[in-house]
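Novice: Take a look at this one; I'll ask things after.
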Amino acid sequence: FYSQEYATVHRGTYSKSIAATHHYHSARESIAEFINAATPSEIIFTRGTTASINLLAQALGRRGVREGDEILVTEMEHHSNLVPWQMLCQQHHLTLRWIPVLDSGDLDLGVYRELLSPRTALVAVTHVSNALGTLNPVQKITKAAHDVGALVLIDGAQAVPHLPVDVQAIDADFYAFSGHKMYGPTGVGVLYGKYQLLETLPPVDGGGDMVEEVFMDSSTYLAPPVKFEAGTPPIAEVIGLHAAVEFLNQVGYSEIQEWESELHRYARSRLREFSDLRILAEAPLSGKEAVLSFVHERHHPLDIATLLDLKGIAVRSGSLCAQPIIRRFGVEGVVRVSLAFYNTKQEIDRFITALKEAFKQLSGSKR
């Protein structure tokens, strides 16, 4: 695109612009099919999951919410699916409630059912926890929310790289995910929304491309999704996201899930070799996807991650942008191992060897 067809979309009659527009629309169609949206018009391009959730929160606030309404989140949310709802509640005098997490890493669905009421305006839940790897029963969660008239947003950032997503089967009202989590570019993401709901929401950003007519004292807006995409869109990033979707489809989710499950079992068994290491929420009943977070009795997560990096092993350390769930398990930080279908058991063995060496080095430094 950058070398052959670099042009803006929707604005030019020249060949490069026409080609860019074609690729942009093809991407929207492919991504709609990827998550089984009813129509490409339900796919809004954003800067990522964080931007998608903020867009929805701000649009709901502008449309109007009733003072005293409640937003339900979970204790395992990434900050991106917690802070925007805190802000909405503060701005409009709503009440934020949350579903606790059991020691197993599962959501306490009994408490969830008790929290639901006619006052529940929206339930915001992660499909897969970025900290624990818990695979939440989003279809069951959505059904219960709809029974009391609540909307449902699902944060799918950690799900789309690892499992097939069918928004119609889930019956999600809104679903958000990011390109960089699924082997695509940074700076691009998606907010899916049921079309009849998107029609009721006002735009958040104003500018070019989202307007139908503009006068000096007023403007009219185009239909979704364009009314939510003011300005020049991230064209190259959207095309890159399309390529990532095609890549995942080519590999196939059945193969991805089978191999990642095998890797997860193997990595978990190898980590159990360390008696002074604790895996958080090791085996939630609802299932687990491609993430293992652990703590050591004596060594700080940052020290462990730093020494692993020196041996060519990339792990995440800290609170993982999910401080509440990390604190829930009695720690301030963890080391997170993230697995993908391209990893091998040999790489896990190399990681375990490096981990043993890191522990030995850290123990020696404290004598």
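A short reminder: the numbers here are calculations on the coordinates, not readings from a lab. None of these values were measured; they are calculated from a predicted model. Methodologically, a virtual Cβ is constructed for each residue, glycine included, from the backbone with ideal geometry; neighbour enumeration extends over all protein chains shown.
Novice: Return the FRET efficiency for the residue pair Glu258, Ser219: r is the Cβ-Cβ distance, R0 is 41 Å, and the value is rounded to the nearest 0.05.
Specialist: E between Glu258 and Ser219, to the nearest 0.05, is 0.20.
Novice: Still on this model: Using a Gaussian network model of the chain whose springs link C-alpha atoms within less than 10 Å, name the residue from Gly193, Gly206, Gly184 with the highest mean-square fluctuation.
Specialist: Gly206
Novice: Show me the helices of the chain, taken as full DSSP H stretches, that run 18 Å or more along their long axis by Cα and average 0.0 or above in Kyte-Doolittle hydropathy.
Specialist: Taking the DSSP H segments of the chain (at least 18 Å long, mean hydropathy at least 0.0), we get 49-63, 235-251.
Novice: Over the chain, with a Gaussian network built from C-alpha contacts below 10 Å, which listed residue (Glu114, Glu75, Glu33) shows the highest mean-square fluctuation?
Specialist: Among Glu114, Glu75, Glu33, the largest GNM mean-square fluctuation belongs to Glu114.
Novice: Cα-Cα over 29 Å: which of Lys140/Lys181; Lys140/Lys227; Lys140/Lys194; Lys143/Lys181; Lys288/Lys356; Lys181/Lys360?
Specialist: Lys140/Lys227; Lys181/Lys360
Novice: Rounding to the nearest 20 debye, state how big the charge dipole of the range 1-151 is about its Cα centre with +1 on each Lys and Arg Cβ and -1 on each Asp and Glu Cβ.
Specialist: Approximately 580 debye in magnitude.
Novice: Would you list which aspartates and glutamates come within 14 Å of Lys16, measuring only between C-alpha atoms, while excluding same-chain residues fewer than 8 positions from it?
Specialist: Glu5
Novice: Kindly list the residues of the range 328-363 that lie in the label zone of Asn249, defined by a backbone N under 15 Å from the point 7 Å along the Cα-to-C-beta vector.
Specialist: So the set is empty, nothing qualifies.
Novice: Let me ask you something else. Taking the square root of 5 times each eigenvalue of the Cα gyration tensor, what semi-axes in Å does the equivalent ellipsoid of the chain have, largest first?
Specialist: So the three semi-axes of the chain are 38, 26, 18 Å.
Novice: Using 1/(1 + (r/R0)^6) with R0 = 45 angstrom and r between the beta carbons of Val331 and Leu197, what's the FRET efficiency to the nearest 0.05?
Specialist: Efficiency at R0 = 45 Å is approximately 0.70.
Novice: Based on other C-beta atoms within 10 Å, arrange Phe329, Phe34 from fewest to most. Mind dumping the intermediate values first?
Specialist: Working: Phe329 17, Phe34 24.
Lowest count first: Phe329, Phe34.
Novice: Okay, next question. Taking the Cα centre of the chain as the origin, how large is its charge dipole in debye, to the nearest 20, when only Lys and Arg (+1) and Asp and Glu (-1) carry charge on their Cβ atoms?
Specialist: Values: 33 positive and 42 negative charges, 241 e Å.
The dipole of the chain has a size of about 1160 debye.
Novice: Working out 0.36 nm times the residue gap between Leu285 and Gln90, then minus their Cα-Cα distance, what length gain in nm do you get to one decimal?
Specialist: Taking 0.36 nm per residue and subtracting the Cα distance, the gain is 66.7 nm.
Novice: Count the DSSP beta bridges whose two residues both fall in the range 15-251, then state the antiparallel fraction as a percent rounded to the nearest 5.
Specialist: Working: 14 of 30 bridges.
The antiparallel proportion sits near 45 percent.
Novice: Follow-up. Gaussian network model of the chain, Cα springs within a sub-10 Å range: biggest mean-square fluctuation belongs to which of Ser261, Ser269, Ser129?
Specialist: For the chain, modelled as a Gaussian network with Cα springs under 10 Å, the answer is Ser269.
Novice: Of Pro225, Gln250, Gly105, which is farthest along the charge dipole of the chain in the positive direction, counting Lys and Arg as +1 and Asp and Glu as -1 at C-beta?
Specialist: Most positive-ward Cα: Gly105.
Novice: Right, something else. Where does the chain land at 222 nm, in deg cm²/dmol rounded to the nearest 500, when only DSSP H runs of n ≥ 4 count, each adding -39500 (n - 2.57), divided by all residues?
Specialist: The helix-only estimate for the chain comes to -12000 deg cm²/dmol at 222 nm.
Novice: Defining a contact as two alpha carbons under 8 Å apart and six or more residues distant in sequence, what relative contact order in percent does the chain show?
Specialist: 18
Novice: About its Cα centre, what dipole magnitude does the range 253-365 give when the only charges are +1 on Lys and Arg Cβ and -1 on Asp and Glu Cβ, stated in debye to the nearest 20?
Specialist: Details: 16 positive and 15 negative charges, 58 e Å.
The dipole magnitude comes to about 280 debye.
Novice: Through the Karplus equation 6.51 cos²θ - 1.76 cosθ + 1.60, θ set to phi - 60°, convert the phi angles of the range 114-129 into ³J(HN,Hα) values in whole Hz; use x for Gly and Pro.
Specialist: Working through the residues one at a time gives 6, 6, 5, 7, x, 7, 6, 8, 7, 10, 10, 9, 7, 6, 9, 5 Hz.
Novice: Contact order normalised by length for the range 253-365, with contacts defined as Cα pairs under 8 Å and 6 or more residues apart; what percent is it?
Specialist: 31
Novice: For q = 0.20, 0.21, 0.27 Å⁻¹, what log10 I(q)/I(0) does the range 1-82 give under the Debye formula with an equal point scatterer on each alpha carbon and no solvent?
Specialist: -1.04, -1.07, -1.21
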